[in-house]
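Everything on this sheet refers to the single structure shown next.
The values are calculated or read from the model by the stated rules, or taken from the named source; none is laboratory data. All values derive from a computational prediction rather than experimental measurement. Here the Cβ positions follow ideal geometry from the backbone for every residue, glycine too, while neighbour counts run over all protein chains shown.
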Amino acid sequence: MTDTDTKFQILEMLEKDMIAFLKDKGFYDKPFTSLFKIRIKAEKQQEWLTNLQKTIPQTQVEKGCICYEISQDLEDSNLYAVYEKWANGEALEYHFAQPYTKEFLGCFADIVVDVKSHILKPLSFS
């Protein structure tokens, strides 16, 4: 298996898993939040930041993207939190289909050490 194959497998797995999870939980057509903790390789810090700089502004203006923020841990510079709020699963599928998203996720195999993800539903107290 080539590096290119691995990169595309990561993208496909992430997309299919998230969309299937939303559908299974009855949240495909509802707003939801994704939270990721991503640990990167120390020697890939600059490559990671360059990819973020290209991806974040484009993602933030996508239809259906309510919020898209990435933060760096104060104590561990190789640990990041990605906070995303989407209008629905269709908005997320659109996001995954964008060339800049594919390019960004394609770098994961070379840069990322570990990813932990959570899909969250909004709470309403009214």
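A few points about this structure:
- Verdict on E90 being modelled with pLDDT of 95 or more and farther than 24 Å from K16 by Cβ: no
- When region 1-48 is filtered for residues that are modelled with pLDDT of 80 or more and among the β-branched types (V, I, T), the ones remaining, listed by number, are I19, T33, I38, I40.
- Scope region 16-71; condition surrounded by 16 or more Cβ atoms within 10 Å (Cβ to Cβ) and among the small types (G, A, S); matching residues: S34, G64
- Any helices (runs of 4 or more DSSP H) falling wholly within region 36-126 and containing at least 2 residues that are more than 18 Å from L14 (Cα to Cα) and either in contact (Cβ under 8 Å) with a residue 60 or more places away in the chain or touching a helix residue (DSSP H, G or I) at 6+ places or on another chain (Cβ under 8 Å) (or both): 45-60
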